[in-house]
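Heads up: the structure comes next, in structure tokens.
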Amino acid sequence: MTELLSVQNLKTSFMTREGEVESVRGVSFDIQQGEVVGIVGESGSGKSITAKSLLGLIQPPGVIKEGKVLFHGQDLRQMTEPQLRAIRGNQIAMIFQDPMTSLNPVIRVGAQMIEVLRRHQKLDKAGARQRAIEMLREVGIPSPEQRIDQYPHEFSGGMRQRVMIAMALSCKPELLIADEPTTALDVTIQAQILNLMKQLRDATNTSILLITHDLGVVAQVCTRVIVMYGGMIMEEGTVEDIFERPSHPYTQGLLRSIPRVKEGQRERLVSIEGTPPNLLHPPTGCPFMERCPHAMDKCREMPPYFVPEEGHRSLCWLLSSDMQQQKREQEGDEQ
Amino acid sequence: MSTKNEVLLDVRNLKKYFPTGSSGFGREKKVLKAVDDISFHIHKGETFGLVGESGCGKSTTGRSIVRLHEVTDGEVWFDGVNVAQMNEKGLKPFRKRMQTIFQDPYSSLNPSMNVAQLIREPMEIHGFGSKKDQHDRVLELLEKVGLKPEHVDRYPHEFSGGQRQRISIARALSVNPEFILCDEPISALDVSVQAQVVNMLEDLQGEFGLTYLFIAHDLSMVRHISNRIGVMYLGKLVEIAPSDELYTHPAHPYTQALLSAIPIPDPKAAALDTGMLKGDLPSPMAEMNGCKFSSRCPFATEQCRQEQPEMKEISPGHFVACHL
Amino acid sequence: MNRMRWRNVKTQFKEQKMGIVALIVLGIFIIAAVFAFLAPHDPNKIVVTERLLPPSAAHWFGTDDNGRDYFARALYGGRVSLSVGFFAMIVAVVVGTTVGAVSGYFGGAMDNILMRFVDVLMSIPSFFLMLILNAYLKPGISTIVIIIGLLSWMSIARIVRAETLSVKEREYVLYARVSGQSNFKIITKHIVPSILPTIIVSATINIASAILMESSLSFLGLGIQQPNSSWGSMLNNAQGYIGDAPYMALFPGIFILVTVLSFNFLGDVFRVAFEPKVNRR
């Protein structure tokens, strides 16, 4: 497997009246070819800002302050706007949360798709139309020959998101960034879209970066998970690592606050008390400290990433060798 | 589970149609049948969950019950009185007993009022004690919902979504209601905050013996909080059952599809099963003779397309509207 | 209105220098109008020997065709122009907000009737209506205020109605309804405060147009009657002497221009401050 995208120490801030809001505070991760990576986090965790920063879609007052975004080893941040435009939509495609506003309401769906195809693929009009119809069929839109000449308002929310996916995939991108693609949809439609994304990934080997707040969605489609909180990556690992052996107290809390469906029993939900940190004046130590049940003095200092196992890292002092030693001793005492 | 038999709210054949403008001269007016002939009841101290996808009429049902909408037809019996056709004057005492918590914590609080004014509003409407009593009550309620007394003169924009929802809850509780309509109260909140709010609602129910109508599209949360659940599809109730029964033995094909579509936060769980449900919701404007779900149902027969199914009790307390 | 919005107004004033200039100019005019009685000359005292004197140390703005001190007349004229503008605005805002809020909040037949009435009023050229009304009513400042006020509320009503339509769907209004709040209280407590920014913006612009209307009426000799003056009537008076004493037209003309411009700038600053999405960088 080769590294498709490598993000290094990305920092994005918003310059507001009150001061600098540090939305993304030094985020680094890699995406390999054919991988589905999920970024989960609550609102304000910086997950969407991270995704937008990758393609330089941050609008003022937002600024990308630091970091590299290496795509095939080339830094996207050093590129000029025309160079970026050639990559956007062609090699890296993006779909957004709201399928209602992502399409221009006064232009026929087909025309919008054809425009994208012709811009990036040098197809003639008839060829582009043919390709657009094929794409619509591929994403499961019935009778695409007729639907292609309809306007966006004649499509339902789920159908529009399918159109968006068709558009995003029409140029055979190597990376698809999906920012909360199913949040605005109903569960039954969400299931259809997620299945569609999985099928397409299998068929085209496109890497997917999926941004979501729904842990269920992540568990169903992703191979690797990044958990963000307070503008930082709290924990990263394979889905099995994260869901079966979560090592960070935040991830653990998040998993516990979902109602579990257990036969006949109703247990009280475990909630994480408190509210996320204010990124206007971010804490210098661990961002989760204030809400963490295991907080200790050491947490005032920013922890480094600890690696409990291969490919699994966690930003928490509890995993330092000292703490692990203590824990083992305690367990020894109890036995 | 609640086995109290006293019925607090009894909805009978509730209908709510919205006119959507005529489609041209001389033609009859088109109507949107948002809620089309539904009946259910809620016992005292119980939580009744109402689930369904967007546009199924669950919110309209709730809003018709608290009479935010005029009711087109049907009866809403609240503690033995039919409030469905009552005028505003007659409704006033019931407005005190039925309170509402809305979905969007950003729009449900007037941004120009501070916390004290917000929580006092219903008390002022219903002439609840003196100014001093009201203020004491505000402080008491703030504590109850986990906010601090110094929050009393802050404005909504100074709070997070979860805290705002706590203010809404305090406001609803201020006049000692018996029934609270929870109109998607947690949908706009983050997962960890949802749990806080749900726990609080459960605690308050235990303390004050409240009755909830809990409307949501998040099925796992609804299962957690509800005693009984009604599933709605295109303005119709298709299934009513005790919540565990509904999840373990869903009888209606739509309920089955809905449940199988919930993404389970466990990578080992079986992959999403969408084989059952193809296509989108049909337009609610379309006239359908038979079962509303027949256009998407994998088991639909000719009978389904012709005849509307009646609610049948298939096991104690478990009702299904399906021919099969 | 909450504090956050006022803070926006403050910062917006800091950013837009024209706003501050407008505020200072209007402040000076208002103070001058209030303290007009401190003027060194009586505005109505006719001194036949001092006709049409150009500006000098004794008469800062010169004298008019009747030998009256033009500076004093300009001060008293400003008093009339500004107060006509202000009170006409009050009339227009009160009527416009009431009609707009009632129309938007209740909807249905009420909305239909009120809005068609507004349409009818708006399709009559208001200036002619004003001329006709003015001919039948007793001339005077209060008549002018009422005429201008009653003919300029329609656009405010339309804006207020549109805003009310969106505000009444907000959940805090729905909440007030389901908790039994009376319609009157809902409008006064929830709806009007929520759309106050819009009302303030249209009110500011409305003052400017009211001052212009008064000036036009008076210019045509139909507004303020002698011996009282307003900037408009002074302009009317200056017509005959435009060759001999051009300053007679210049002073009131500049005052009208600067005042109207200042109110428009002010309206713009408010608009930007209340809509944080517009022009924010």
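The values are calculated or read from the model by the stated rules, or taken from the named source; none is laboratory data. Every value quoted in this text rests on a predicted model; they were computed, and no experiment measured them. So basically every Cβ, Gly included, is an ideal-geometry build from the backbone, and we count neighbours across all protein chains shown. Accessible surface is based on the protein model in full, side chains and every heavy atom, while ligands, DNA and RNA are left aside. Shrake-Rupley method; radii C 1.70, N 1.55, O 1.52, S 1.80 Å.
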Answer yes if at least one residue in region A:33-54 is buried (at least 16 other Cβ atoms within 10 Å of the Cβ), within 18 Å of the chain's Cα centre (by Cα), within 14 Å of chain B (Cβ to nearest Cβ) and of a type in the set (Asp, Glu), and no otherwise.
yes
Just to be sure before I move on: is B:Lys278 over 30 Å from B:Asn199 (Cβ atoms), modelled with pLDDT under 80, open to solvent by 10 Å² or more (accessible area, probe 1.4 Å) and among the basic types (Lys, Arg) in the structure I sent?
yes
Taking A:Gly216 and the conditions (1) assigned to a helix (DSSP H, G or I); (2) open to solvent by 10 Å² or more (accessible area, probe 1.4 Å), which numbered condition does it fall short on, given that it satisfies the others?
(2)
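Quick grid of which residues meet (1) at pLDDT 90 or above; (2) hydroxyl-bearing (Ser, Thr, Tyr):
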position: C:Gly180; (1), (2): no, no
position: C:Pro193; (1), (2): no, no
position: C:Pro197; (1), (2): no, no
position: C:Ser202; (1), (2): yes, yes
position: C:Asn206; (1), (2): yes, no
position: C:Ala210; (1), (2): yes, no
position: C:Gly221; (1), (2): no, no
Any residue at all in region C:61-80 that is of a type in the set (A, V, I, L, M) and open to solvent by 70 Å² or more (accessible area, probe 1.4 Å)?
no
Selection status of A:Gly274, modelled with pLDDT under 80, within 13 Å of another protein chain (Cβ to nearest Cβ), in contact with a helix residue (DSSP H, G or I) (Cβ under 9 Å, 6 or more places away or on another chain) and open to solvent by less than 60 Å² (accessible area, probe 1.4 Å)
yes
If we keep just the residues of region C:148-195 that are away from chain B (no Cβ under 14 Å) and of a type in the set (Ser, Thr, Tyr), which is farthest from C:Phe87 (Cα to Cα)?
C:Thr164
The listed residue being touching a Lys or Arg at 6+ places or on another chain (Cβ under 8 Å), surrounded by fewer than 20 Cβ atoms within 10 Å (Cβ to Cβ) and either under 20 Å from A:Thr206 (Cβ atoms) or of a type in the set (Gly, Ala, Ser) (or both), out of A:Gln91, A:Gln121
A:Gln121
Restricting to region A:285-318, and then to whatever is in a strand (DSSP E or B) and touching a Leu at 6+ places or on another chain (Cβ under 6 Å), can you tell me which residue is most open to solvent (accessible area, probe 1.4 Å)?
A:Pro308
Looking across region A:176-213 at residues that are within 11 Å of another protein chain (Cβ to nearest Cβ) and among the charged types (D, E, K, R), the single one that is most open to solvent (accessible area, probe 1.4 Å) is A:Lys198
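Condition check ((1) β-branched (Val, Ile, Thr); (2) facing chain B (nearest Cβ under 8 Å); (3) on the phi > 0 side of the Ramachandran plot; (4) touching a residue at least 12 places away in the same chain (Cβ under 8 Å)) across all residues:
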{"site": "A:Gly230", "(1), (2), (3), (4)": "no, no, yes, yes"}
{"site": "A:Thr238", "(1), (2), (3), (4)": "yes, no, no, yes"}
{"site": "A:Pro246", "(1), (2), (3), (4)": "no, no, no, no"}
{"site": "A:Pro249", "(1), (2), (3), (4)": "no, no, no, yes"}
{"site": "A:Ser257", "(1), (2), (3), (4)": "no, yes, no, yes"}
{"site": "A:Arg268", "(1), (2), (3), (4)": "no, yes, no, no"}
{"site": "A:His294", "(1), (2), (3), (4)": "no, no, no, yes"}
{"site": "A:Lys298", "(1), (2), (3), (4)": "no, no, no, yes"}
{"site": "A:Glu301", "(1), (2), (3), (4)": "no, no, no, yes"}
Filter result for the condition that a residue is at pLDDT 90 or above and of a type in the set (Gly, Ala, Ser), over B:Ala241, B:Ala195, B:Ala188:
B:Ala241
Could you please find all residues in region C:12-60 being of a type in the set (Gly, Ala, Ser), surrounded by 14 or more Cβ atoms within 10 Å (Cβ to Cβ) and outside any helix (DSSP H, G or I)?
C:Ala39
Taking region B:197-217 on its own, how many of its residues are without any contact (Cβ under 8 Å) to a residue 40 or more places away in the chain and within 14 Å of chain A (Cβ to nearest Cβ)?
7
Of all residues in region B:165-193, count the ones that are of a type outside the set (Asp, Glu) and open to solvent by 20 Å² or more (accessible area, probe 1.4 Å).
5
When you look at A:Pro259, is it part of a loop (DSSP other than H, G, I, E, B), modelled with pLDDT under 85 and under 25 Å from A:Val21 (Cα atoms), yes or no?
no
Is one or more of the residues making up region B:224-234 more than 11 Å from chain A (Cβ to nearest Cβ) and either under 26 Å from A:Gly44 (Cβ atoms) or surrounded by fewer than 19 Cβ atoms within 10 Å (Cβ to Cβ) (or both)?
no
Which one is nearest to the other protein chains (Cβ to nearest Cβ) among residues in region B:88-105 that are touching a residue at least 24 places away in the same chain (Cβ under 8 Å) and over 15 Å from B:Phe78 (Cβ atoms)?
B:Phe102
Can you name every residue in region B:224-238 that is touching a residue at least 60 places away in the same chain (Cβ under 8 Å) and in contact with a Pro (Cβ under 7 Å, 6 or more places away or on another chain)?
B:Asn227, B:Arg228, B:Leu234, B:Gly235
Tell me which helices (runs of 4 or more DSSP H) are completely within region C:91-189 and hold 3 or more residues being touching a residue at least 24 places away in the same chain (Cβ under 8 Å) and among the hydrophobic types (A, V, I, L, M, F, W, C), or say none if there are none.
C:108-123, C:126-136, C:141-151, C:154-167
Those strands (runs of 3 or more DSSP E) completely within region A:12-97 that have 2 or more residues that are out of contact with any Leu (no Cβ under 7 Å at 6 or more places or on another chain) and of a type outside the set (S, T, N, Q) are A:19-32, A:62-71
Output the number of residues of region B:84-131 satisfying the condition of being of a type in the set (A, V, I, L, M, F, W, C) and within 20 Å of C:Ile191 (Cα to Cα).
10
Out of C:Val201, C:Val192, C:Val160, report the one residue that is in contact with a Lys or Arg (Cβ under 6 Å, 6 or more places away or on another chain) and at negative phi.
C:Val201
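Quick grid of which residues meet (1) among the small types (Gly, Ala, Ser); (2) closer than 30 Å to A:Gln146 by Cβ; (3) in contact (Cβ under 8 Å) with a residue 24 or more places away in the chain:
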residue	(1), (2), (3)
A:Glu42	no, no, yes
A:Ala51	yes, no, yes
A:Lys65	no, no, yes
A:Asp98	no, yes, yes
Could we say that C:Ser229 is open to solvent by less than 50 Å² (accessible area, probe 1.4 Å), within 17 Å of C:Ala32 (Cβ to Cβ) and either acidic (Asp, Glu) or in contact with a Gly (Cβ under 7 Å, 6 or more places away or on another chain) (or both) here?
yes
Mind listing whichever residues of region A:219-256 are of a type in the set (Gly, Ala, Ser), in contact with a strand residue (DSSP E or B) (Cβ under 9 Å, 6 or more places away or on another chain) and in a helix (DSSP H, G or I)?
A:Ala219
